[in-house]
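Only one structure is covered here, and it is reproduced in the block below.
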Amino acid sequence: MVSPNNNWQQVTPGGGGRLMWCSASPHDRNMMICCGDMGGVFRSEDRGENWVFCPAVEVERVCHCNGSSPWEYVIDRAGEIWTGSRTRGMLKSCDYGRSWKRIPGPWDQLKVLDWHHATGPEFVRFSTKDSSYAIAAWNRYGDNSEKRLYYSTDSGDSWNLLKSDISDTIKEIAFESESIAVAVCEKSFLRFDLSAGTTEFEQLKHKIAAACWSQDKVYMTVDKEPGMGLYCLNLCDYLVYKIDISLNSEYSWVTCVSACRTDSSTVYVGLKGNTELEGDSISTAVRSIDGGKTWQQVLFRNPEQKQFNISPDRWTTGLWGWQTPPWSLNVDYLDSSRVAFSDFTMCGISDNAGESWNIVSGKPVLNGLVPAGGPQMLTGWNYYIRSSDIHYAATTDFTGWMSPNGGADWKYCPPCNAPWHNNIYALAFIPNRPGLVFGAASLKHDLPYWHHMVSRESRPELWRGGVIVSEDGGESWNHLEPDKVGLPDLPTTDIYYDESGNTLYIAMVGGGVYKSNDLGNSWQEFNGGLSEKNYNALRLCVNHAGLLYLVVTTAWDAVTETVISGEIYRMAADAWEQIDLPQELVFPVDIEFSQNDTAMYVSCFQLWRELIRHGKGAYGMPGLWRLDKDGVNEMIYSGSPVYCTKFVPGSEKRMLLCTSDDGAHISDDGGVSWNRISDLPPGNIHSATFDPDNPTDVYLTTFGQGVWRGGID
C-alpha cells in the first residue's frame, strides 16, 4: 500500500484493531470505505484487496460507535458520500471517498474539537424519495457538547438549525416521505415536517442502543435486554412492536442491526454469546428475509462449526478473530444480499447474503508470513532494524512481529503464554547473544495517552506488565515471573541494555526504574533520587556520550484530582539526578540530544482540554522544548502534541519532528523553522527509526495507522 505519490509505503500488516462500519458503495461495489476507533479512515477501490489511508487533513475521527452507520450514500447521485468528522466538520465526497470537501455551516465557529466535542455530525441522512431533503445529527456539538439537528432542502448545499434543545441521544434519522423525517432517540422519537416546520414528540418504552432506517421501518436494538431485544418502528402508523429472533439461550443480546435502505423485509443483526461461554466463540450474525418472522444464522467463525464460512487464511482467523461479536453491520442500500460486518479485529464482506465471507482487513497468509498492507489498525511504538532483512516492530493490541525480508512480510509471534500478551512497547537486543531478545510488556495499552493515564484507579486490573524474553530471535516468548525475579507487576514501557555494564534497565509506569546485572534473572529497584510523588517512568534515553537519561511522565492524583508534572533525570553514580525544567514543561514523553550534547530537546504531549477548566495542578501546552546547558530554555515548536524528535543522521541542523495530530515536520535550521511533510499519510506518529544503510529513509510508527517507510529528501 502506498500513498498517492508512491513515496510512503506501509510496512506492517493491517486489520488488527477495532475497524468499524466497513461499507461498499451501492453504485460500485469495488469502492469500499471503513473507519477505526483510533481516528483513521481507509478506502479501497478493489473490493478490499488493497487499502489506502485517507489523509487526516481531509477526513479523520469519523464517529465509529454511535449505533448507526456514519456513511450516507445518496442513491440518485453516484459516488456521493456524506459523513461527519469530529475535527474536520461535515464532509462530502463526490468521488467515492478519494477526496473530501468540507461543508460550511454554523459549526465552523466551534473551538473545542476532540473526541468529546465534535464539529461534524455523527450521521447525515437524505430522503430516498427526494434527495434535496437531508438531516444531520450531532450528539456532541462543539464547546458544550449539545445534541442538535440541522436540515437542508437544497441537497446539502446549505444547512439550518432544526432543533437544539434535545435531551435524548439521537440514534438514527429516517424519512417517512419526501419531507417528513423522524429522529429516533434513545428514549423517544421526534417527527418533523420540513416543509411546514412542525414537530411532534412521542416517548418510547425502551432504551434504544442502535437503530437502522430501512424504507418504511426503523429497526432498533435494546441494550442488553434479556431475550435479545429487537424492535421495529413502523413509519406508516408509528407503532412499535417487538421482533422475536427465536434462537436458543446461547445468545444474550443484540449488538448491531442493519437492513437495505430500499428493502425492509431483509434485516441482519449481530448477536453476542452469553458471558459464561468460554470466550465469545458462539457470537454470530443472523438474517431474516421476512421482516423478522424467521431467522437464519449466516456467520460461522468457530472452526468446530461445520459451516465455518469466513476466509481461513487471515492472521486473525483462529486467534482473536472469533472472540467478539459483530459490532457493526452494513447492508448495501440497493441489494440486500450484499453485506459487511466488523468486529474488534477484522472486517468481512459477503455478496451472497452471508453464505460466505471474505475477510478484507488483512492480506492472506502465505507460507506462515503475513504481508504488509490492509487497513492500518496496528499501533506501533518502536521499530528496530537488526540487519537489512531482519526487522522488528513493537506494537500494541496485536504484538510479536518480526520480518525476515525488510518489512515486506511478517511473522506473527505473540507472547501467548504471558499474562501481558497484547502489548510490547520496546525491545532490547543482546549483541553477543543474537537470539536473545527482551521485551517491555504491558496489559495496559496506549500509554501515556492521558485518558488512559487517568484510568488507573478505575481499571486497576489492566495496570499490569513486566518483562518477556525470547531465546530464538522473537519466534517464541516466555515471561519473567515478577515475584520470582524481584519485579512489581506494572506496565513496562521501555527497556534498555547497557553493553558496557552488562545491565538491563526497564521503565515502569507507576513503579519507576528497575535494573538487572544478570540478564534478567534478578532485578533491583533503581529509584534513588526520584520524587516519591511520581514514579511514572516512561522512557530511557542515552546521549551521545553514553549517559543514561530517564523521562518520568506526568501523573494524575485521583484523590485530589490534581495533575503532577513530569520530570527528567540523568544517571549520577548510583542514583538519579533531577534536571531543572521550566514550570510550563509538564508532560514530557521523549528527549533527543544535539550532536555535542550541549542541548536537549524535550517532546511534550497533551492533557485533555477539560483539565484547563476542571483540573487542578500543573498544565502545560504541548510542543517541543530546547534546553541548553547555558540555561537558555525555550519552546521551539507549539500547536500540536509532540511524541518524538530526532536529528537526521549525519546532520547537526536537520531535525524530524513527529506530532500526534499534524504528521511530521522537518527543520533544516535546528528548529528555528519547521515545514510539514505534506505527502506523508499518517498524522499521529510515535517514533522515527532511520535506515542505517540509507539515512534519508525513515520508518515511522503511528497510533492506529501502522508503520510507514519513506524518504525525507
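In table form, for the structure just shown:
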quantity: Positive-end residue of Pro121, Thr689, Ala393, charge dipole of the chain with Cβ unit charges; calculated: Pro121
quantity: Candidate lysines for bridging to Lys363, where Cα separation is under 30 Å - those fewer than 8 sequence places away on the same chain excluded; calculated: Lys92, Lys272, Lys306, Lys411, Lys444
quantity: Projected area averaged over orientations for segment 1-146, convex hull of C-alpha atoms, nm²; calculated: 9.1 nm²
quantity: Gly36 long-range amide H proximity, modeled H, under 5 Å; calculated: Met20
quantity: At most 16 other Cβ within 10 Å, DSSP loop - GluC sites (Glu not before Pro), segment 551-607; calculated: Glu561, Glu584
quantity: Cβ-based charge dipole, segment 56-190, positive-most Cα from Asn160, Tyr96, Ala183; calculated: Tyr96
quantity: Trypsin sites (Lys or Arg not before Pro) within segment 1-90: DSSP coil, no more than 16 neighbouring Cβ in 10 Å; calculated: Arg29, Arg47, Arg77
quantity: Dipole of the chain, positive direction: furthest Cα of Ala56, Leu239, Tyr643, with charges on the beta-carbon; calculated: Leu239
quantity: Phi-based couplings in Hz for segment 236-246 (Karplus 6.51, -1.76, 1.60; Gly and Pro marked x); calculated: 7, 10, 6, 8, 10, 9, 8, 10, 8, 6, 6
quantity: Environment charge at Tyr383 (Cβ cut-off 15 Å; Lys +1, Arg +1, Asp -1, Glu -1); calculated: -3
quantity: Relative contact order of the chain, defined on C-alpha pairs under 8 angstrom at six or more residues apart (%); calculated: 9 percent
quantity: Counting all C-alpha pairs of segment 362-510, share separated by more than 21 Å (%); calculated: 43 percent
quantity: Alpha carbon Rg of segment 574-703, scaled by the compact-globule rule 2.2 N^0.38 Å; calculated: 1.08
quantity: Cβ-placed point charges (K, R +1; D, E -1), dipole of the chain about Cα centre in debye, nearest 20; calculated: 880 debye
quantity: Selection of trypsin sites (Lys or Arg not before Pro), segment 621-713, meeting DSSP coil and at most 15 other Cβ within 10 Å; calculated: Lys629, Lys653
quantity: Cα→Cβ-extended label distance, 7 Å offset, between Glu355 and Ala545, nm; calculated: 7.4 nm
quantity: Gain on full stretching of the segment that runs from Asp574 to Ser337 - 0.36 nm per residue minus C-alpha separation; calculated: 78.5 nm
quantity: Difference of contour (0.36 nm per residue) and Cα-Cα distance, Leu366 to Ser155; calculated: 71.2 nm
quantity: Within-13-Å neighbourhood charge of Met346 [Cβ basis; K, R +1; D, E -1]; calculated: +1
quantity: Computed E for Arg29/Phe201 - FRET, C-beta separation, R0 30 angstrom, nearest 0.05; calculated: 0.15
quantity: Around Pro482: net Lys/Arg minus Asp/Glu count, Cβ-Cβ under 13 Å; calculated: -2
quantity: For segment 651-660, Karplus couplings with θ = phi - 60° (6.51, -1.76, 1.60), whole Hz, Gly/Pro x; calculated: 10, 8, 10, 7, 10, 10, 10, 10, 9, 9
quantity: Karplus 3J(HN,Hα) series, Hz, for segment 164-181 with 6.51 cos²θ - 1.76 cosθ + 1.60 (x for Gly, Pro); calculated: 10, 8, 9, 9, 9, 5, 7, 10, 6, 10, 9, 10, 6, 9, 3, 10, 9, 10
quantity: Rg/Rh (Cα only; Kirkwood hydrodynamic radius) as it applies to segment 450-532; calculated: 0.99
quantity: Nonlocal amide H pairs with Lys217, under 5 Å, H built at 1.01 Å; calculated: Leu235
quantity: Convex hull of the chain built on C-alpha atoms - directionally averaged projected area, nm²; calculated: 30.0 nm²
quantity: Residue list for segment 336-373, given a label point 7 angstrom along the Cα-to-Cβ vector of Glu45 and an amide N cut-off under 11 Å; calculated: none
quantity: Helix-only mean residue ellipticity at 222 nm for the chain, each DSSP H run of n ≥ 4 adding -39500 (n - 2.57), per residue, nearest 500; calculated: -500 deg cm²/dmol
quantity: 5 angstrom amide H check on Gly704, placed H, neighbours 5+ away; calculated: Thr379, Gly380
quantity: Dipole magnitude (debye, nearest 20) for segment 43-175, charges at Cβ of Lys, Arg, Asp, Glu; calculated: 180 debye
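Quick note: the coordinates plus some simple rules give every number you see, no bench work behind them. Everything numeric here is computed off the predicted structure, so don't read it as measured data. Cβ sites come from the backbone with ideal geometry, for glycine too, and all protein chains shown count toward neighbours.
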